[in-house]
Amino acid sequence: MATIKTGNGNGKYHDPSALHDVITYVLNSWKAPNYFGGYRVNPITPIDDMQRVIEQFGKSNGVQLRHFIISFSPEETTDASVVNKIACLIIPYLGREYQTLFAVHEDTSHLHIHIVCNAISYIDGHRYRGTKQEFYGFKCYCNAILHRFGIGNLRYISNK
């Protein structure tokens, strides 16, 4: 069964190195050798691009980014190109308001997508708060995309 979890535990992603640390991990070429991309952010310079928006709106305090991981069992798919198509269809949801980056990790027996979005909107500087309403809206959108590929609803895994 496909799962979704957030990488945003209490107190994570507040410090100035959060963007660098998370994005460097997500784009690691050993983990994501083939598929990565961005929406309203250049996937080659995402740290600089996101930092510019954060500074433009004077929001360098607080949570700097949001991080989601969507994982697939080998029974659902072992085709990284399919997972890439799914990711490309999912990220515009967050990309409507936030710079969003993704990478398909192929280094484990289960393919998974890491999605990172700037916590600060490039439109007006408001912050993605990560409320239940925001999360469930995103999860519902993801489920609709997954259904197109014959994959069932996401099961949430708590990161606590």
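Coordinate-derived values only; no laboratory data. It should be emphasised that the depicted structure is a prediction, and the values quoted were computed from it without experimental measurement. For neighbour counting, all protein chains shown are included, and Cβ atoms are generated from backbone atoms with ideal geometry for every residue, glycine included.
A few points about this structure:
- Taking every C-alpha pair closer than 8 Å and separated by at least 6 residues, the mean separation divided by the residue count of the chain gives a relative contact order of 33 percent.
- FRET efficiency estimate (nearest 0.05) - Cβ-Cβ, Asn159 to Arg127, R0 22 angstrom: 0.65
- Ellipticity estimate at 222 nm from DSSP helix runs (n ≥ 4, -39,500 (n - 2.57)) divided over the chain, nearest 500: -10500 deg cm²/dmol
- Residue-count net charge about Ile70 - beta-carbon cut-off 12 Å; Lys, Arg +1, Asp, Glu -1: +2
- Sparsely packed loop sites in the range 36-133 (the trypsin sites (Lys or Arg not before Pro) outside DSSP H, G, I, E and B with at most 16 other Cβ atoms within 10 Å) comprise Arg96, Arg129.
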